[in-house]
Amino acid sequence: MGDDGNREEKLQALLKLNQEMARLCTCKLKETAINVVPGIGSASARLLFIGEAPGKKEDETGKPFVGAAGKFLDEMLTSISLDRNDIYITNVVKYRPPNNRDPLPEEVAACWPWLRAQVELINPALIILLGRHALERFVPGKLISVEHGKAFRRAVPDLGTYVFFALYHPAAALYNGSMRETLLKDFAKIPKILEKLKKEKQGL
């Protein structure tokens, strides 16, 4: 019962945070976006997925990863016996860049206080970085082509130390069959990493 109470409390705190930050966020993308896309899922998740930016469908619905890339993400979650209720998923920027262009550094910076607050509140065991923009935000100067499929512990300025796992963005697999295989293979490592982190926490 206590656990359920904590979960509900945490969820309410996250919903409140998202409402507040949507009001305060200074990101210029607000001016062209239809909807804000704060994120969705469990506030008590052990896994936090962070992508790049909302696309057209996400902008229309206000929910992350609802297009073709989202379907592939759901498929990968199913492959390790999870679904969206078990995770939290958000993006580096919370508004769609026009014509799906890359988010600009100042847009990423404007959305950073929001993302940082989400990470602190959820406090996940593992942060999964989807694609190069998410990787660059937390681990600057690293290449996704080199880091994908690897878990690493990093201290992030003004956030603290977390364990990260880098993956290619699911959208990259939509047009590239070999990338799809790579993603599925990398994704399959997640349960083992979580198990290892659980043992570490228990001091085993």
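Kindly indicate whether Leu11 is assigned to a helix (DSSP H, G or I) and touching a residue at least 40 places away in the same chain (Cβ under 8 Å). Taking the combined requirement at face value, the residue does not satisfy it.
Apart from one condition, Lys192 fits all of (1) part of a helix (DSSP H, G or I); (2) in contact with a helix residue (DSSP H, G or I) (Cβ under 9 Å, 6 or more places away or on another chain); (3) not aliphatic (A, V, I, L, M); the exception is (2).
Considering only residues in the range 148-182 that are out of contact with any Leu (no Cβ under 6 Å at 6 or more places or on another chain) and in contact (Cβ under 8 Å) with a residue 60 or more places away in the chain, the one that is surrounded by the most Cβ atoms within 10 Å (Cβ to Cβ) turns out to be Ala171. Of everything in the range 120-132 that is in a helix (DSSP H, G or I) and crowded, with 20+ Cβ neighbours inside 10 Å, the residue that is modelled with the lowest pLDDT is Arg132. Among residues of the range 157-168 being at negative phi and at pLDDT below 95, the one that is nearest to the chain's Cα centre (by Cα) is Leu159. Only one of the numbered conditions (1) at pLDDT below 95; (2) in contact with a strand residue (DSSP E or B) (Cβ under 9 Å, 6 or more places away or on another chain) is violated by Val92, and that is (1).
If the condition is being more than 12 Å from Val93 (Cβ to Cβ) and of a type in the set (Asp, Glu), then the range 52-74 contributes Glu60, Asp74.
You will find that of Val108, Val139, the residue that is surrounded by 14 or more Cβ atoms within 10 Å (Cβ to Cβ), farther than 26 Å from Arg7 by Cβ and modelled with pLDDT of 95 or more is Val108 and no other. Within the range 34-49, the set of residues being surrounded by fewer than 21 Cβ atoms within 10 Å (Cβ to Cβ) and assigned to a loop (DSSP other than H, G, I, E, B) comprises Ile34, Asn35, Ser42, Ser44, Arg46. Can we say Leu121 is aliphatic (A, V, I, L, M) and either more than 22 Å from Asn35 (Cβ to Cβ) or in contact with a strand residue (DSSP E or B) (Cβ under 9 Å, 6 or more places away or on another chain) (or both)? Criteria not met by Leu121. Can you find even one residue in the range 133-147 that is under 21 Å from Leu29 (Cβ atoms), part of a helix (DSSP H, G or I), of a type in the set (Asp, Glu) and touching a residue at least 60 places away in the same chain (Cβ under 8 Å)? No, the range 133-147 contains no residue that is under 21 Å from Leu29 (Cβ atoms), part of a helix (DSSP H, G or I), of a type in the set (Asp, Glu) and touching a residue at least 60 places away in the same chain (Cβ under 8 Å).
Taking Glu58, is it over 26 Å from Leu194 (Cβ atoms) and within 16 Å of the chain's Cα centre (by Cα)? Yes; evaluated as a whole, the condition is true for this residue.
The values are calculated or read from the model by the stated rules, or taken from the named source; none is laboratory data. Because the structure is a prediction, the values reported are computed rather than measured. Reconstructed Cβ throughout: ideal geometry from the backbone, glycine too, with neighbour counts over all protein chains shown.
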